[in-house]
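Student: One structure, pasted below without further comment.
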Amino acid sequence: MIEQIVLNCLEHAIPVPVFMEVPEKPPPEFLVVEKTGSGRSDRISRATLAVQSWAGSLLEAAELNERVKTAMDDIIELDSISACHLNADYNFTDPTTKHYRYQAVFDLVFY
């Protein structure tokens, strides 16, 4: 499952908790991995994943986002990953709750 591969990669690369959903009692800094779409053709799988970087300030969220992008650049070293491309990244702060977060969206090719 591509979500588990990405989650494991981020856990090893960045010393913050990584989840598949926002925890009930979130720590000060954490990541959330979410698959937003996928497909398969000729036994080649593709997926689009969003990685949200949550932190106590907008600057900390942006810095955590940069660390996510670096870690995802290195994910192609895994045998099961053929390609990883940054689709977009942006400020994703919730204006009503003021929970600071960035989101980076990646397109992956894997088998």
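The values are calculated or read from the model by the stated rules, or taken from the named source; none is laboratory data. Since the model is a prediction, treat every value here as computed from it, not as a measurement. Don't worry about glycine lacking a Cβ; one is built from the backbone with ideal geometry, like all the others, and counts go over all protein chains shown. Surface areas here come from the heavy atoms of the whole protein model, side chains and all, with no ligands, DNA or RNA. Shrake-Rupley method; radii C 1.70, N 1.55, O 1.52, S 1.80 Å.
Student: Select from region 1-81 those GluC sites (Glu not before Pro) which occupy a DSSP coil region and have at most 12 other Cβ atoms within 10 Å, ordered by residue number.
Tutor: Working: sites: E3, E11, E21, E24, E29, E34, E60, E63, E66, E77; in loops: E21, E24, E29.
Passing sites in region 1-81 are E21, E24.
Student: Over the chain, give the accessible area per residue in Å² for a 1.4 Å probe, as an integer.
Tutor: For the chain, the solvent-accessible area averages 59 Å² per residue.
Student: Relative contact order of the chain, please, whole-number percent, based on alpha carbon pairs below 8 angstrom and at least 6 residues apart.
Tutor: Value for the chain: 26 percent.
Student: Top mean-square fluctuation among T48, T93, T36, Gaussian network model of the chain, C-alpha springs under 10 Å?
Tutor: Judging by the Gaussian network model, the answer is T36.
Student: Turning to a different aspect of this structure: For the chain, modelled as a GNM with alpha-carbon contacts under 10 angstrom, which of L31, L59, L49 fluctuates the most?
Tutor: Checking each option, the largest mean-square fluctuation is seen for L59.
Student: For Cα pairs less than 8 Å apart in space and 6+ apart in sequence, what is the mean separation divided by the residue count of region 1-58, i.e. the relative contact order in percent?
Tutor: Normalised by residue count, the contact order of region 1-58 is 29 percent.
Student: Within region 10-28, which residues have the backbone N less than 12 Å from the label spot 7 Å out from M1 along Cα→beta-carbon, could you tell me?
Tutor: Of the residues in region 10-28, 20-21 have backbone N under 12 Å from the label point off M1.
Student: Please list the non-local residues whose amide H lies under 5 Å from the amide H of H99, H modeled 1.01 Å from N, same-chain partners needing a gap of 5 or more.
Tutor: D94
Student: Calculate one ³J(HN,Hα) per residue across region 20-28 by plugging θ = phi - 60° into the Karplus curve 6.51 cos²θ - 1.76 cosθ + 1.60, and present them in order as whole Hz with x for glycine and proline.
Tutor: Taking θ as phi minus 60°, the curve returns 9, 8, 5, x, 4, 10, x, x, x Hz for region 20-28.
Student: Next question. D73 to N91: extension gain in nm, 0.36 nm per residue of separation minus the Cα-Cα distance?
Tutor: So the chain would gain 4.5 nm between D73 and N91.
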